[in-house]
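Notes to accompany the following structure.
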Amino acid sequence: MTTPSAGERAALDAPGSRRHRSRPVVSLVTCARLPEPDADAELLLESLIAAKLDATWVAWDDAPVAALGPTTVLRSTWNYYRDLPAFLSWVNASETTTSLWNPAPVVRWNAHKGYLSTLAERGLPVVPTILVPRGDVRALGEWVDAHPTLRDAEDLVVKPAVSAGSFRTERGSTATLGAHFASLVRDGDTLIQPYQHEVTTSGERCLIVLDGEVTHAVRKSPRFSTDAESITRVQPSDAERALALAIVATIPHPLLYARVDLIDDGAGNLRLMELELIEPSLFLNTSTEGLWRFVDLIATRARSGNSSRRRNGNEGEDFGE
């Protein structure tokens, strides 16, 4: 029997080859044109292939749902907010043909930052957030005057309720943000928050939770429309871990991944800035343990056929969609 050459062995092991077709198929979802590089993309793909999975990238906005494998993991769908109806239509179609992670109900709920108000109503410590409905005619100053948490703030942050990254997010005073705020409200629901000055001192802490376990964390610098991010690996405190897990535990669906962004409010209290359940950067390049935990969790789901539609013990609860 002739031994295959190195080139033939590489062809056998290439994604989509006959040998790979006998392996569990995993689709990693991105978008056709990334707004910025994904630092985890190559590392994650190579690691999944090393774990004997037939893993490939699929762009949600450039491929039919039929192109998805049995297990699908949302990753860098970073343009979804620019056409949310189209993205959610894709998500809705996907949930009937593949095991989608995170599950479609989670994606639909998390796509609008009004979820912050929902979490606050559940008694969780959230950065004070005022949700202004699209088309509201009141000026920014009127909203500020009506809410003490805004009125007492040195600076404000305004942002679209459907956004990602730093899209149209600005910091300033009532006077300097008035026109920008009016423009945001004309286009869609808008958030007003008091600026958290501790972001520039102690920094925002991003805790990565994989299948209910905090695996690693980073410190992230503030980011507005023209800023670049600064990322530093940190060790989360016991209090940060406990709060992150408490927040994730309120979600009535199984989660493969979550990123919980926390801030110290200056009075010694931890508060939630954002809970990212759709397409967060997981900073896998900062944590070998986190990377392989993620790979193992994906592999387990792909090999077992574990459905993302199965609830995680909170039977009967839902987001009220």
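Brief remarks follow.
Per-residue answers, yes or no, for (1) among the aliphatic types (A, V, I, L, M); (2) surrounded by fewer than 19 Cβ atoms within 10 Å (Cβ to Cβ); (3) closer than 25 Å to D211 by Cα; (4) in contact with a His (Cβ under 9 Å, 6 or more places away or on another chain):
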{"residue": "P24", "(1), (2), (3), (4)": "no, no, yes, no"}
{"residue": "S27", "(1), (2), (3), (4)": "no, no, yes, no"}
{"residue": "R33", "(1), (2), (3), (4)": "no, yes, no, no"}
{"residue": "P37", "(1), (2), (3), (4)": "no, yes, no, no"}
{"residue": "L43", "(1), (2), (3), (4)": "yes, yes, yes, no"}
{"residue": "A51", "(1), (2), (3), (4)": "yes, yes, yes, no"}
{"residue": "R75", "(1), (2), (3), (4)": "no, no, yes, no"}
{"residue": "S94", "(1), (2), (3), (4)": "no, no, yes, no"}
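Let's see how each residue does on (1) in contact with a Lys or Arg (Cβ under 9 Å, 6 or more places away or on another chain); (2) free of Cβ contacts under 8 Å to residues at least 60 places away in the same chain; (3) charged (D, E, K, R):
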residue: P148; (1), (2), (3): no, yes, no
residue: D155; (1), (2), (3): yes, yes, yes
residue: A161; (1), (2), (3): yes, yes, no
residue: E170; (1), (2), (3): yes, yes, yes
residue: D187; (1), (2), (3): yes, yes, yes
residue: Q193; (1), (2), (3): yes, no, no
residue: L210; (1), (2), (3): yes, no, no
residue: I231; (1), (2), (3): yes, yes, no
residue: A239; (1), (2), (3): no, yes, no
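- On inspection, V214 qualifies as under 25 Å from P103 (Cα atoms) and of a type in the set (A, V, I, L, M).
- Count of region 274-299 residues, restricted to those that are out of contact with any Lys or Arg (no Cβ under 9 Å at 6 or more places or on another chain) and either aliphatic (A, V, I, L, M) or under 25 Å from R108 (Cα atoms) (or both), is 7.
- Given (1) out of contact with any helix residue (DSSP H, G or I) (no Cβ under 9 Å at 6 or more places or on another chain); (2) in the same structural domain as T200 (by TED's automatic domain parsing); (3) surrounded by fewer than 16 Cβ atoms within 10 Å (Cβ to Cβ), number of the condition D296 does not satisfy: (2)
- Residue satisfying condition, being hydroxyl-bearing (S, T, Y), closer than 30 Å to D83 by Cα and touching a helix residue (DSSP H, G or I) at 6+ places or on another chain (Cβ under 8 Å), within set S166, S221: S221
- Condition check for Y80: hydroxyl-bearing (S, T, Y), touching a Leu at 6+ places or on another chain (Cβ under 9 Å) and within 17 Å of C31 (Cβ to Cβ): yes
- All told, A32 falls short of being outside any helix (DSSP H, G or I), modelled with pLDDT of 95 or more and over 30 Å from A161 (Cα atoms).
- Test: residue in region 196-207 that is assigned to a helix (DSSP H, G or I), modelled with pLDDT under 95 and of a type in the set (D, E): yes
- Of all residues assigned to region 213-222, none qualifies as being under 21 Å from T149 (Cα atoms) and touching an Asp or Glu at 6+ places or on another chain (Cβ under 6 Å).
- Identity of the residue in region 252-283, in a loop (DSSP other than H, G, I, E, B) and under 17 Å from W78 (Cβ atoms), that ends up farthest from the chain's Cα centre (by Cα): F283
- Flag for T176 being in contact (Cβ under 8 Å) with a residue 24 or more places away in the chain, of a type in the set (S, T, N, Q) and either surrounded by fewer than 21 Cβ atoms within 10 Å (Cβ to Cβ) or touching a strand residue (DSSP E or B) at 6+ places or on another chain (Cβ under 8 Å) (or both): no
- A86 vs. criteria under 24 Å from R293 (Cβ atoms) and in contact with an Asp or Glu (Cβ under 8 Å, 6 or more places away or on another chain): no
- For region 103-121, the condition holds for no residue, the condition being that it is over 27 Å from S221 (Cα atoms), among the acidic types (D, E) and either surrounded by 16 or more Cβ atoms within 10 Å (Cβ to Cβ) or not assigned by TED's automatic domain parsing to the domain that holds D264 (or both).
- Residue check, L88 of a type outside the set (S, T, Y), assigned by TED's automatic domain parsing to the domain that holds P70 and not in a helix (DSSP H, G or I): no
The values are calculated or read from the model by the stated rules, or taken from the named source; none is laboratory data. Everything numeric in this text was worked out from a predicted model, so none of it was measured. Virtual Cβ from ideal backbone geometry, glycine too; neighbours counted across all protein chains shown.
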